[in-house]
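Take a look at the structure set out below.
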Amino acid sequence: MQQYLQNKKGLVQSVFDNVYDKYDLMNDFMSLGVHRIWKKDLLSWMNPSNNKTLIDVACGTGDLGKLFLDATDKNGEIFCVDPNKGMIGKGKEKLNTYKNINWIIAPAEKLPIKDNSCDYYTISFGLRNTKDLNKALSEAYRVLKPGGRYLCLEFSKIQNSNLDFIYKNYSKLIPLVGKAIVGQKEPYEYLVKSIEEFINQEELIDLMNKNKFVNCSYRNLSGGIVAIHSGWKI
């Protein structure tokens, strides 16, 4: 499933080239810090065991990787994967005391990882930035071991009309905040538009099923502002 915005030549790369240096700061502003709670909710639902392997795709600066290692006594192995070189660089700086992270520059649609090699696959706020949702999902399925679990945290569709009204009006402020903090509003205009155009919760479940995942389900957080989707490879 191709995504129109994301297939405009160089658009997504340009967006993150412009924001990676203040990526964490802007995430805190845009979500009022709640993105950190959402990521902890994902780890809580994962409930990871020790000595397991995680691939975290569209890893940004490594928030989920850090949470995973902290939850597993730092004895797991992680592949932190992101297509943006600057983002990977910031992650390496931030998590330089964590020795069992493998940092890889690659897109979600073409992972340089062996088949059946990972126990968990996570992607947070990155699926909607991929050019092809089916390719991203099929790659996730390929790299997971049989019995492995896929978890996606992504902006979704709000269920409550009053909350939806408030959120849409709040979203109009995000490019202005981006202009004040990063010096550019255009990257955040793209991010708001990409959220508006992304598929809903049930549509993502359908795509996961079509890409062979089983026992697929989702949980809405903050009234559906975001959702966590879960599926298994058997």
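Computed quantities for the displayed model
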quantity: Cα-centre dipole for the chain with unit charges at Cβ (Lys and Arg positive, Asp and Glu negative), debye to 20; calculated: 260
quantity: Surrounding net charge for Arg149, when Lys and Arg each add one and Asp and Glu each subtract one, Cβ distance under 9 Å; calculated: 0
quantity: Reachable aspartates and glutamates from Lys40, criterion Cα separation under 13 angstrom, eight or more residues apart if same chain; calculated: Asp63, Asp70
quantity: Cysteines not pairable in the chain (beta carbon separation under 4.7 Å absent); calculated: Cys118, Cys152, Cys216
quantity: Fluctuation leader among Ala108, Ala136, Ala180 - the chain, Gaussian network, Cα springs under 10 angstrom; calculated: Ala180
quantity: Cα-based convex hull, the stretch 5-232, per residue volume (Å³, whole number); calculated: 109
quantity: Segment Asn200-Leu32, length gained on full extension (0.36 nm per residue, minus Cα span); calculated: 58.2 nm
quantity: Most mobile listed residue (Tyr141, Tyr170, Tyr188) in the chain, GNM with C-alpha springs under 10 Å; calculated: Tyr170
quantity: Over the stretch 71-201, relative contact order from alpha-carbon pairs under 8 Å, at least 6 apart, %; calculated: 19
quantity: For the stretch 107-204, alpha-carbon Rg and Dmax in angstrom; calculated: 16.4, 47
quantity: Cα-derived Rg to Rh of the stretch 69-150, Kirkwood definition; calculated: 0.96
quantity: Extreme residue, positive dipole direction of the chain, given options Ala71, Phe198, Ile37 (C-beta unit charges); calculated: Ala71
quantity: Expected 222 nm ellipticity per residue - DSSP helices of 4 or more, -39500 (n - 2.57), all of the chain, to 500; calculated: -12500 deg cm²/dmol
quantity: Eligible aspartates and glutamates near Lys185 by straight Cα distance, threshold 19 Å, same-chain separation 8 or greater; calculated: Asp17, Asp21, Asp24, Asp28, Glu196, Glu197
quantity: Relative contact order (%) - criterion: Cα under 8 Å, at least six apart; region: the chain; calculated: 20
quantity: Highest-MSF residue in the chain out of Asp56, Asp82, Asp28 [GNM, Cα springs under 10 Å]; calculated: Asp28
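Read-outs throughout are calculated quantities, based only on the coordinates presented, and are distinct from any laboratory measurement. Fair warning: this is a prediction, and the values are worked out from it, not measured in the lab. Note: ideal-geometry Cβ built from the backbone for every residue, glycine included; neighbour counts use all protein chains shown.
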